[in-house]
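Note sheet for the following structure.
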Amino acid sequence: MDEQKIINYQDKQKLVFHNNNPVASEIKALGDKLIESNRFYDAIEFYEKAGFKEGLEKIKTIIIDEGDLFLLKFYAKKTK
């Protein structure tokens, strides 16, 4: 899947960090697409913004299975 077709950096910043009234279903759907493209850092931020706990747990399982310590630390920081 072409990463540019999912979301670019500027649009991500607008949706995740500068949008006071996000549409959770839209953000969750983008998070799903990001997982499919193995963009886990971005997906964590989207799911955290949407309050989608099931998606965060799915990512946590993937992180543990892959043994990615840096991603696990990022996950832990975002889900405190």
Worksheet item: What pairs come up if the first residue lies in segment 32-44 and is over 17 Å from Leu69 (Cα atoms), the second is among the charged types (D, E, K, R), and their beta carbons are under 6 Å apart, counting only those six or more places apart or on different chains?
Response: Leu34/Asp42; Ser37/Glu3
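Looking at Ile59, Ile27, Ile64, which is the one that is modelled with pLDDT of 95 or more, on the phi < 0 side of the Ramachandran plot and crowded, with 18+ Cβ neighbours inside 10 Å?
Values: Ile27 fails: modelled with pLDDT of 95 or more; Ile64 fails: crowded, with 18+ Cβ neighbours inside 10 Å.
Every option except Ile59 fails the conditions.
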Response to the item:
Lys49: passes all of (1) open to solvent by less than 30 Å² (accessible area, probe 1.4 Å); (2) touching a Pro at 6+ places or on another chain (Cβ under 8 Å); (3) among the basic types (Lys, Arg) but (1)
Worksheet item: Does Ile6 satisfy the criteria of being in contact with a Lys or Arg (Cβ under 8 Å, 6 or more places away or on another chain), at pLDDT 85 or above, more than 22 Å from Lys77 (Cβ to Cβ) and surrounded by 12 or more Cβ atoms within 10 Å (Cβ to Cβ)?
Response: yes
Worksheet item: Can you name every residue in segment 9-50 that is under 16 Å from Leu72 (Cα atoms) and of a type in the set (D, E, K, R)?
Response: Arg39, Asp42, Glu45, Glu48
Item to complete: Identify all residues within segment 42-80 that are under 16 Å from Leu15 (Cα atoms), among the aromatic types (Phe, Trp, Tyr) and in a helix (DSSP H, G or I); write none if there are none.
Response: Phe46, Tyr47
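The values are calculated or read from the model by the stated rules, or taken from the named source; none is laboratory data. If you're wondering where the values come from, they're calculated on a predicted model, not measured in any experiment. Positions of Cβ are backbone-derived with ideal geometry, glycine not excepted, and every protein chain shown enters the neighbour counts. All accessible areas refer to the heavy atoms of the entire protein, side chains included, with ligands and DNA or RNA removed. Shrake-Rupley method; radii C 1.70, N 1.55, O 1.52, S 1.80 Å.
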